[in-house]
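The values are calculated or read from the model by the stated rules, or taken from the named source; none is laboratory data. Keep in mind the model is a prediction, meaning the values are calculated, not measured. Note that each Cβ is placed from the backbone with ideal geometry, even for glycine, and that neighbours are counted across all protein chains shown.
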Amino acid sequence: MNKLYWNIDPYELIKKNPDYNFIAEIDEEKLPTAVTSLILLYRNKASECVELIKKINYKNFEENIVRILEKEAYLSEIGYYLENITFDEVEREGIHTRIEKEYLIDYYFKLSRAHDEGYFLVSLLKQPVFQQRLVRFGEKGISRRSI
C-alpha cells in the first residue's frame, strides 16, 4: 500500500531529486537553506495533519477532513518541489510564496492522476475500484492505465 503524504519522510522525496544525488556525493549535510526550510515546513504540515486526524469526531468530521485535504495538498506541492525542482531554482524563486499561491490548484489537477502518483488520500481507493471494475466489467473492462 502507498504511504500518504503525512507519513512520508521528506528525505524519501528529496532523494529522488537529481540535485540531491550530486550534493550527497560531496557532502549530504550541505543542503541549500531553502531546501532545508522546505523539509522543515513539510514536517510541520505533516505533524498538523496527524494532530487533526487524532481529533476527528462526529461533530468536526467534515471540517477536519477539509483541513486534512488542504494540508495534504500543501504536502503534495512541497513534495513536488523536493523531488523535481533544481536546488538553484528553489533558492532563487520565493518558493514559499509560490507554494502558497498554487498548492490547491495543482492538487486539484493532480487528483485526476492520483492512481498514478499514489500518495493521495483518495489513492487508497485504487484497489477497491479496480476490484469493483473487474467484477462489473470483467477483464475486457480493465485498461492497462486503470491498473
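Taking the condition of being under 29 Å from Pro32 (Cβ atoms) and either of a type in the set (A, V, I, L, M, F, W, C) or out of contact with any helix residue (DSSP H, G or I) (no Cβ under 9 Å at 6 or more places or on another chain) (or both), how many residues in the range 52-83 meet it?
So in the range 52-83, the residues under 29 Å from Pro32 (Cβ atoms) come out as 70-83.
If we keep only those that are either of a type in the set (A, V, I, L, M, F, W, C) or out of contact with any helix residue (DSSP H, G or I) (no Cβ under 9 Å at 6 or more places or on another chain) (or both) too, we end up with 73, 75, 78, 82.
Qualifying residue count for the region: 4.
Tell me the residue from Leu75, Leu52, Leu82 that is modelled with pLDDT of 90 or more, among the aliphatic types (A, V, I, L, M) and within 23 Å of Ile23 (Cα to Cα), please. Working first, answer last.
Details: Leu75 fails: within 23 Å of Ile23 (Cα to Cα); Leu52 fails: within 23 Å of Ile23 (Cα to Cα).
Exactly one residue qualifies, and that residue is Leu82.
Checked against (1) at pLDDT 85 or above; (2) surrounded by 14 or more Cβ atoms within 10 Å (Cβ to Cβ), Pro32 passes all but condition (1).
State which residue is farthest from the chain's Cα centre (by Cα) when the search covers only the range 96-136 and only residues that are modelled with pLDDT of 75 or more and of a type in the set (Lys, Arg).
Within the range 96-136, the first condition is being modelled with pLDDT of 75 or more, and the residues that meet it are 96-110, 131-136.
Filter again for of a type in the set (Lys, Arg), leaving 98, 101, 110, 133, 136.
Numbers: Arg98: 16, Lys101: 16, Lys110: 10, Arg133: 26, Arg136: 31 Å.
Here the answer is Arg136.
Residue count for the range 65-95 satisfying the condition of being under 18 Å from the mean Cα position of the chain (by Cα), surrounded by 14 or more Cβ atoms within 10 Å (Cβ to Cβ) and assigned to a helix (DSSP H, G or I): 20.
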